[in-house]
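Everything below concerns the one structure shown next.
The values are calculated or read from the model by the stated rules, or taken from the named source; none is laboratory data. What you see is a predicted model; the values in this text were computed from it and never measured. We place every Cβ from the backbone using ideal geometry, glycine too, and count neighbours over all the protein chains shown.
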């Protein structure tokens, strides 16, 4: 077995260093299925993902849903974090550690971190799929892509990208059919 090399075996974070992911604002998120499993081959899976998206504000009342699309092997969305302005909401970034076996994490429903929202979405979709269709071995990739939307121009461009993404699926780098072409 190979020796542990912290330079080689360290998983580097793709998050913006020092950014408080509970900060108010818009965030673009992409979550991919594990090994390109298809969400679109089964209309139930697509419906579960869409319904779960629509229900997120029931769990996190301070978020605002924006654009959302279910692609064959990933989802894209824009979510607004809108923490309450009262003094009881807390100050500063929360420590959001990676999950550890047997440890339960407290979720602040009034001031959720982006990671809590992504983790909740993934868990609810997976649980519902396994309840309705236990024969399907569905899973998400371990992480997710996020982008902090910094201005209105970026917001409009990302919204358009999400809306247009299904039209461009044939040429998408995540399309398994495209990867098989010579």
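For residues in segment 137-174 being under 17 Å from residue 41 (Cα atoms) and touching a helix residue (DSSP H, G or I) at 6+ places or on another chain (Cβ under 6 Å), which is surrounded by the most Cβ atoms within 10 Å (Cβ to Cβ)?
Among residues in segment 137-174 that are under 17 Å from residue 41 (Cα atoms) and touching a helix residue (DSSP H, G or I) at 6+ places or on another chain (Cβ under 6 Å), the one surrounded by the most Cβ atoms within 10 Å (Cβ to Cβ) is 140.
Check residue 174 against each of (1) in contact with a strand residue (DSSP E or B) (Cβ under 7 Å, 6 or more places away or on another chain); (2) part of a helix (DSSP H, G or I); (3) modelled with pLDDT under 95 and name the one condition it does not meet.
Unmet for residue 174, out of (1) in contact with a strand residue (DSSP E or B) (Cβ under 7 Å, 6 or more places away or on another chain); (2) part of a helix (DSSP H, G or I); (3) modelled with pLDDT under 95: (2).
Answer yes or no: is there a residue in segment 46-55 that is part of a strand (DSSP E or B), free of Cβ contacts under 8 Å to residues at least 40 places away in the same chain and buried (at least 17 other Cβ atoms within 10 Å of the Cβ).
Looking through segment 46-55, none of the residues is part of a strand (DSSP E or B), free of Cβ contacts under 8 Å to residues at least 40 places away in the same chain and buried (at least 17 other Cβ atoms within 10 Å of the Cβ).
Please go through (1) surrounded by fewer than 16 Cβ atoms within 10 Å (Cβ to Cβ); (2) under 16 Å from the mean Cα position of the chain (by Cα); (3) not in a loop (DSSP other than H, G, I, E, B) for residue 124 and return the number of the only condition it doesn't satisfy.
Of the numbered conditions (1) surrounded by fewer than 16 Cβ atoms within 10 Å (Cβ to Cβ); (2) under 16 Å from the mean Cα position of the chain (by Cα); (3) not in a loop (DSSP other than H, G, I, E, B), the odd one out for residue 124 is (1).
Which count do you get for residues in segment 35-62 that are modelled with pLDDT under 95 and in contact with a strand residue (DSSP E or B) (Cβ under 6 Å, 6 or more places away or on another chain)?
The number of residues fulfilling the criteria is 2.
Quick one: would you say residue 159 is outside any loop (DSSP other than H, G, I, E, B), within 19 Å of residue 29 (Cβ to Cβ), modelled with pLDDT of 95 or more and out of contact with any strand residue (DSSP E or B) (no Cβ under 7 Å at 6 or more places or on another chain)?
No: the conditions fail for residue 159.
Test each condition in (1) closer than 18 Å to residue 140 by Cα; (2) at pLDDT 80 or above; (3) touching a helix residue (DSSP H, G or I) at 6+ places or on another chain (Cβ under 9 Å) for residue 21 and report the one that comes out false.
Looking at each condition in turn, residue 21 falls short on (1).
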